Each structure stands twice: as C-alpha cells, then as structure tokens.
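**Student:** Would you mind keeping the following structure in view while I ask a few things?
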Amino acid sequence: MATNGKDGPGGAGAFARRLLLSVDAKGYGGAGTVRQHQFQEATVRLLELAANASGLDREAWQTQEGGDSLFAVLPEGASEPALVDAFMRSLEASLRAFNLDRVQEAWLRLRAAVHFGETSPAANGFAGSAPVEIGRIRDCAALRAALNQLPQAPLAVGLSATVFRDVVQGKAYTTIRENEFREVPVKEKEYRGAAWIWVPGADVRQVDLAAVLEGERRAANVARASVDVGDVGKRADVTGVHTDRATGDFGAGVKTGQVGPGATVTGVRQTNPGGER
C-alpha cells in the first residue's frame with residue numbers, strides 16, 4: 001500500500017476527488033494455497049497490462065491490497081472513459097487468455113467497480129464516502145449474480161451513478177452503448193444506492209435478478225420486536241409489533257408474567273385492507 005499521511009486540517013487527510021477502481025476475485029476464499037498465489041500474481045499482472053493498454057499510469061496509482069482484492073486511487077487527471085472502456089476490455093481479454101487452458105473451476109474471474117468521488121489517505125488505507133460506495137458496488141448482490149449466472153464471463157463491472165452519468169449516459173466517450181448497461185439497486189450494509197452493471201461479451205439483461213430483488217424487498221419489509229413486560233395488569237394491552245403495512249414479514253416475541261383479567265397480549269397486530277391479525 002502506498003504511504004499515507006494526514007495533511008488536511010484537523011488531521012482529516014488531504015481532501016481530493018479522484019477516479020477510483022476496486023476489484024475482487026470470485027471464489028478466492030475457497031481456493032487452495034497454490035491457486036490463491038496464482039490468483040494474486042495474475043490479478044496484479046493483468047491489472048498492470050490493462051493499465052498500460054489503456055494509457056493509464058499504473059505507477060502513479062495509490063493502492064490498498066487485500067489478497068483477493070485491490071482498491072486503487074488513480075492520479076488527478078486520469079481518464080474516466082479509458083478506465084471504463086479500454087481498461088476493462090483489455091482486462092477481460094487478458095482474463096480469457098489466462099483462463100484458456102485451465103479447468104473452469106480454476107478460472108480467475110473478477111468483479112470490478114469504478115467510481116469518482118471524495119477520498120483521502122488514512123492511517124490504515126483510505127477514508128471518505130467514495131471508498132465506501134465503491135466497495136458496496138463491487139460487492140453488491142446484482143454484480144455477484146451476474147458472474148454466477150454468466151459462467152463464461154470472466155469479468156463483471158459496476159459503475160457508480162456519477163461515472164455512468166458523466167461518461168456513458170447520452171455520451172459518446174466510450175465504445176460501450178448505454179443499453180449494454182443495466183441499472184440495479186445496491187443495498188449493502190448501511191449503503192443504499194444504485195449502480196449500472198456491464199458484462200463484456202455478454203448480455204447483462206439475461207441475468208435473473210428476481211431473487212435478488214425479492215430478498216431486498218423482504219429485508220425492507222421485516223418488522224421484529226421482543227417485549228418483556230413482567231406482570232400485565234387488568235385491561236392492559238401489550239403488543240409486540242403493531243403495523244399498518246399491507247404486506248411484509250413480521251416477527252415478535254412477548255414475554256410476560258401474570259396476565260390480569262381483561263388484559264390482551266399480542267405478538268403481531270397488522271391493520272390492512274384484509275383486516276387484523
């Protein structure tokens with residue numbers, strides 16, 4: 001990792017808006033030691049080849065490595081169209097060449113994300129909203145689904161809204177047509193946003209995201225509660241979850257001691273057009 005420092009006011013680091021790249025190898029954790037070494041060496045080498053092929057100065061990148069992943073802050077003035085287009089096309093071609101004589105279980109396949117935003121060097125890497133956002137895009141369920149459902153593809157790319165809008169949407173800065181991308185929701189940990197995904201050489205519209213979207217919908221519609229109230233007096237009303245949602249998943253646990261006459265203890269009470277339950 002490049003040497004970092006604290007140059008900003010209050011020790012917050014030197015503020016900058018930079019072009020960012022993040023990549024991660026699929027299946028790395030389940031690979032043996034020899035294959036992990038091969039994946040690490042190949043990833044570093046193929047990223048360098050792609051940078052050289054697209055006119056990006058790899059030596060000027062600040063990087064943070066994580067075994068199966070790499071996060072890079074490109075220098076000021078680095079070309080966004082070159083990273084989105086020529087770099088990714090070269091990387092995809094190099095991955096195909098690397099995998100050519102390997103059994104499919106030993107293929108190196110990467111998820112990559114591109115963003116442009118605020119970041120600064122920190123004591124153990126980089127700080128700022130942009131490094132967080134690019135990590136969430138790289139790891140989002142839709143981009144993972146793209147590689148899972150397109151097994152011949154060695155690379156899946158996710159662009160942030162900023163990069164897609166400034167470089168691709170309604171523009172002619174790249175050879176990639178706008179309709180080759182697919183907008184997807186990104187809901188990873190605390191982050192909520194959107195990304196535009198692209199799989200070189202494949203139609204990303206073939207990816208079935210029904211399960212991904214349904215999982216996110218269900219997660220967004222879960223209400224849970226646990227209530228411990230001791231004794232419940234006369235005519236008291238204790239409810240674990242009370243919601244007016246028409247749909248959703250609900251779970252509640254109500255723990256009480258003695259329940260007095262006329263008291264009501266309810267785990268879930270849902271008011272909707274279909275009535276109460």
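**Student:** Calculate, in nm to one decimal, what Leu100 and Val34 gain on full extension: separation in residues at 0.36 nm each, minus their alpha carbon distance.
**Tutor:** Contour length minus the Cα-Cα distance gives 21.9 nm.
**Student:** Next up: What's the long-distance tail for the stretch 43-110, i.e. % of Cα pairs beyond 16 Å?
**Tutor:** 50
**Student:** If I compute solvent accessible area with a 1.4 Å probe over the protein chains, what percent of it on the stretch 93-178 is carbon and sulfur?
**Tutor:** 50
**Student:** Additional query: Using θ = phi - 60° and the Karplus curve 6.51 cos²θ - 1.76 cosθ + 1.60, what whole-Hz ³J(HN,Hα) does each residue of the stretch 139-151 get, with Gly and Pro shown as x?
**Tutor:** 9, 5, 4, 5, 5, 4, 4, 4, 5, 5, 8, 10, x
**Student:** If one computes P(r) from the Cα atoms of the stretch 47-186, what percent of pairs lie at distances over 21 Å?
**Tutor:** When every Cα pair of the stretch 47-186 is considered, 44 percent fall beyond 21 Å.
**Student:** If you don't mind, there's one more thing I want to ask. What distance in nm separates the two pseudo spin-label positions at Asn52 and Arg165, each 7 Å out from Cα along the beta-carbon direction?
**Tutor:** Each label point is offset 7 Å from its Cα along the Cβ direction, giving 3.7 nm.
**Student:** Evaluate E = 1/(1 + (r/R0)^6) for Ala211 and Glu59, where r is the Cβ-Cβ distance and R0 equals 30 Å; express this FRET efficiency to the nearest 0.05.
**Tutor:** 0.10
The values are calculated or read from the model by the stated rules, or taken from the named source; none is laboratory data. Here the structure is a predicted model, which means the values were calculated and not measured. Neighbour counts run over all protein chains shown; Cβ positions are idealised from the backbone, glycine included. Note: areas computed on protein heavy atoms with side chains; ligands, DNA, RNA excluded. Shrake-Rupley method; radii C 1.70, N 1.55, O 1.52, S 1.80 Å.
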